[in-house]
Amino acid sequence: MQKNQVSYTDKIRAASEFLLQNVEGNAEIGIILGSGLGRLMGEVEVIKSFPYAEIPFFPTTTVEGHSGELVLGILQGKLIWCMNGRFHYYEGYAMSEVVFPIRVLYSLGVKNLIVTNAAGGLNPDFQVGDLMLIEDVINLFPDNPLRGVNYDQLGPRFPDMSEPLSEEWVRRANQEAYNLKIVLQKGVYAGVPGPKLESKAEVKYLRFIGADAVGMSTVPEVIAAHHMGIKVLAISVITNESIPKVYKEFTHDDVVDVANKAGGKLVKLIKSILN
Ligand code: HPA
């Protein structure tokens, strides 16, 4: 069969069958590592690593700081699938490709997903290096992963979005952060298409519509995971201040640098949440 004749669901099946043929055990937890947050990988006891290029129908990553592998491993005694690198809309992928790995994780038996990212802080109470627990999302992408044919076997045509992030996970994360004495901000994450960063007027607008942080990922993944009934926890590392009055120029290198530095706190928190 030619590649372009394979249906989306057959592609998901082919990718998950390939992975299951090569591993044993059933991981119910998935983790997505955002820009500069690869340090969590150092804590994972790797059982098997699959470069994205080797997984049938997986897109391949193009961004610096994203190595691109799906890892089956053990973290805090729990079997996990860890996506080291993700697919961004700004790289040119269709939304169906951006969330393809989430569909595959579901097909592999993942029931809980921890999503991490680097984000700009819009809330003036946030400091660079803070962690923010995402309580809700705003989709500002010009598309969303559920547009088009609905695969009823994956989820409903019109999924409810009143609780896209699991309240149970939010409570747990809050409790663990408190125990660890880690400052854990809370707020709304706005997902924008990128790759350009925000103008001053856009920063004002984002704050006005109720966002506390802004980034170029996560929202499609949250929508797709929630559509399939996966419980999602999402945490941002605030890598820069996108606050109207203190708007400063910054680069992607600054983002990766701060994410690297704050990554330790995030690793600690995720480990204790899994405990
Ligand atoms: N805007 C969009 N994406 C980002 C930012 C930002 O300020 N910081 C990190 N990712």
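Under the classification rounded if a/c is under 1.5, otherwise prolate if a/b is larger than b/c and oblate if not, where does region 83-212 fall, given a ≥ b ≥ c as square roots of the Cα gyration tensor eigenvalues? Cα axes put region 83-212 in the oblate bin. If only the Cβ of Lys and Arg carry +1 and only the Cβ of Asp and Glu carry -1, the dipole of region 1-59 around its Cα centre is close to 260 debye.
Only Lys, Arg, Asp and Glu count, each charged at its Cβ (+1, +1, -1, -1), so figure out the dipole size of the chain about its Cα centre, rounded to 20 debye.
So the magnitude is around 240 debye.
For the chain, what is the mean residue ellipticity at 222 nm derived from helices alone (per DSSP H run of n ≥ 4: -39500 (n - 2.57); sum divided by total residues; nearest 500 deg cm²/dmol)? Can you show the working numbers first?
Working: 7 runs with 81 residues, N = 275.
Roughly -9000 deg cm²/dmol at 222 nm, from the helical runs in the chain.
Residue separation of ASN275 and TYR205 scaled by 0.36 nm, minus their Cα-Cα distance, works out to 21.3 nm of gained length.
Could you pull out the longest piece of the chain with no exposed loop trypsin sites (Lys or Arg not before Pro) in it, calling a site exposed if DSSP puts it outside H, G, I, E, B and it has at most 13 other Cβ atoms within 10 Å? Before the final figure, lay out the partial values.
Details: sites that count: ARG147, ARG157, LYS181, LYS196, LYS248.
Of all site-free stretches, the longest is 1-146.
Roughly how many Å² is the accessible area per residue of region 1-133, as a whole number, for a 1.4 Å probe? Walk me through the intermediate numbers first.
Working: 5390 Å² over 133 residues.
Roughly 40 Å² per residue, with all protein chains present.
In the elastic network of the chain, a GNM with C-alpha springs shorter than 10 Å, the most mobile of ILE74, ILE12, ILE32 is ILE74. Couplings for region 264-275, taken from phi via the Karplus curve 6.51 cos²θ - 1.76 cosθ + 1.60 with θ = phi - 60°, read x, 4, 5, 4, 4, 5, 4, 4, 6, 5, 6, 4 Hz in order; Gly and Pro are left as x. Under 10 Å, Cα contacts only: if you run a Gaussian network model on the chain, which one of ASN123, ASN22, ASN139 comes out with the highest mean-square fluctuation? Of ASN123, ASN22, ASN139, the most mobile in the Gaussian network model is ASN22. Using the alpha-carbon positions of region 135-195, Rg (one decimal) and Dmax (whole number) come out as 15.6, 46 Å. Here the accessible area is traced with a 1.4 Å probe on the protein chains. For region 46-141, carbon and sulfur cover 46 percent of it. Where the alpha-carbon atoms of region 151-275 are placed on the principal axes, they occupy 45, 37, 24 Å, in descending order.
Hey, what's the Cα Rg ratio for the chain versus the globular rule of thumb, 2.2 N^0.38 Å?
Working: Rg = 17.7 Å, N = 275, 2.2 N^0.38 = 18.6 Å.
The reported ratio for this selection is 0.95.
Please identify, among PRO124, PRO164, PRO101, the residue showing maximal mean-square fluctuation in a Gaussian network model of the chain using a 10 angstrom Cα cutoff. Among PRO124, PRO164, PRO101, the largest mean-square fluctuation in the Gaussian network model of the chain belongs to PRO124.
Placing unit charges on the Cβ atoms only, positive for Lys and Arg and negative for Asp and Glu, gives region 88-142 a dipole magnitude near 300 debye about its Cα centre. Sorted from greatest to least, the principal axis extents spanned by the alpha carbons of region 35-148 come out as 42, 38, 29 Å. Name all residues of region 20-44 having a backbone nitrogen under 18 Å from the label point set 7 Å from the Cα of GLU168 along its Cα→Cβ direction, giving them as ranges. Under cut-off, by backbone N: 27-31. Apolar share of the accessible surface for region 213-275: 52 percent from carbon plus sulfur atoms, 1.4 Å probe.
Largest first and in whole Å, give the semi-axes of region 1-54's equivalent ellipsoid, each being the square root of 5 times a Cα gyration tensor eigenvalue.
26, 15, 10
Our note on the geometry: Cα centres of region 133-202 and region 226-275, 13 Å apart. Output the 0 to 90 degree angle, nearest 10, between the alpha-carbon long axis of helix 8-21 and the longest principal axis computed from the alpha carbons of the chain. Once rounded, the angle reads 80 degrees.
The values are calculated or read from the model by the stated rules, or taken from the named source; none is laboratory data. Everything numeric here is computed off the predicted structure, so don't read it as measured data. Positions of Cβ are generated from backbone atoms using ideal geometry, with glycine treated the same way; all protein chains shown enter the neighbour counts. Ligands, DNA and RNA are excluded from the accessible area calculation, which covers all protein heavy atoms including side chains. Shrake-Rupley method; radii C 1.70, N 1.55, O 1.52, S 1.80 Å.
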